[in-house]
Amino acid sequence: MPLKFGTEILSSVTCARVKVTVHNKLGEQSHGWGETPLSVQWVWPSNTEYSIRYDSLLEFCEFIKIRWESFDSFGHCIEIGHELIMKDLPQALKQFNLGKKVDSEPMPWLAALVCASPFDIAIHDAFGMVNNVPIYHAYGKEFLSSDLASFLDPAEDSEVQFNGRHPSDFLELNPPSEIPVWHLVGGLDALEQEDLTGGEPNDGYPVYLREWIERDGLNCLKIKLRGNDAEWDYERLVRIGTISQELGVQYLTTDFNCTVTDPAYVNEILDRLELEEPETFRRILYVEQPFPYDLEKNRIAVHSVAERKPLFMDESAHDWKHVCLGRELGWTGVALKTCKTQTGALLSLCWARAHGMDLMVQDLTNPMLAQIPHVLLGAHAGTIMGVESNGMQFYPNASLKEAKLHPGVYQRNRGMLDISTIKGNGFGYGI
């Protein structure tokens, strides 16, 4: 099934898979693996031709591979990740863009982060492998000599202190073996049988929402909206809300895809729902990223939206500094993604939790190896409700090999993912 994403349709994706080799002080050598889908439409929304943006992402992956092969610093994976992502990657992106044609659109920072993320994930995996430790048990003071004050600054209006604190202080270190899972309702997705056009694939998988809910026992739905057509958005919410009530789906969230420029647009839809469809309004757990990606260029005060429903940053939450700016503007939560790097996700998580912000972990339609760090972050982050996972909706067969070892990670059952098979050192891929 294709995925309607903003103004574009996503019908295929290329994944970057990275293998990193490391040594520890004992001279022992291990490998780590990282993978991320290079979702062009999400990381680089633009009128520039798709093939140009796609080729740039592939070129940049090769560019940083060559650049980082000679990197020989020694330290914890968060220290190395911080050095590469926060310090070197901006320079790498600047150099890469200067080398492009003068009239070409520069590749944005979000695209650079996604290209860098499989390298960073692989470094974390390798750290766990070479030191014989599951990676989420390696984020405390017994492994990390630097405290969070080495990486983070508190908000000026807060009394938060990071001295002597480590990522493990903000993580759920003994997560349950099952976690709630969110289903993505794309803008083109059929909701009922009568919505089918006859052009849907006949591959044995559900093709409309009611089928998915009944097959997977879904309890959480993330609804893609247009953000520029209030009547369409409202009617979409009403229809999905009605189906949710009929089938017992308890939680909804609205994703306006960064296309809204005025908080009044969101407020009017929410207020109308509360008045006319109170059961649907009650089911909305939070609102996700209605406003443009670039917070610094679009400093929209969003307190009025957050007064109605918790308001979560997603595309704007590039790193903890952007989270800090978002908090000033009125955002109340952060949607983390491993595709923005494991290091960056952990530091944003710590900053947000220290400042009383809520957390979610959102998907980039992660298949294969990419799914495992994604669901582990969801399990350890202490989110308000599980994790989004939609790779099984759009390319389930891509992960058949991994699903042999981790069936519950790639198949939703009773609205849950079973992560009990993820064991061992590093990310516990077992593959």
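Where a ≥ b ≥ c are the square roots of the eigenvalues of the C-alpha gyration tensor, would you call the chain rounded, which needs a/c under 1.5, or, failing that, prolate if a/b is larger than b/c, or oblate? Since a/c stays below 1.5, the shape of the chain is classed as rounded. Beta bridges per DSSP, both residues in the chain: antiparallel share near 40 percent.
Here's the list of aspartates and glutamates a cross-link from residue 297 could span, going by alpha-carbon distance under 18 Å and ignoring same-chain residues fewer than 8 apart: 105, 262, 314, 315, 319, 328. For the cross-link pairs 19/401; 141/423; 309/337; 19/224, the ones whose C-alpha atoms lie over 30 Å apart are 19/224. The label point for residue 97 and the one for residue 21, both projected 7 Å from the Cα toward the Cβ, are 3.5 nm apart. Gain on full extension, evaluated as 0.36 nm per residue between residue 307 and residue 191 minus their Cα-Cα distance, stands at 38.8 nm. Our estimate of slack between residue 215 and residue 74, defined as 0.36 nm per intervening residue step minus the Cα-Cα distance, is 45.9 nm. Here's the list of aspartates and glutamates a cross-link from residue 65 could span, going by alpha-carbon distance under 13 Å and ignoring same-chain residues fewer than 8 apart: 88, 120.
Put simply, when 72-80, 340-348 are sorted by average Cβ atoms within 10 angstrom per residue, most first, you get 340-348, 72-80.
FYI, it's all coordinate maths here, none of it is from the lab. Note that the structure is predicted; figures quoted are calculated from it, not measured. Cβ sites come from the backbone with ideal geometry, for glycine too, and all protein chains shown count toward neighbours.
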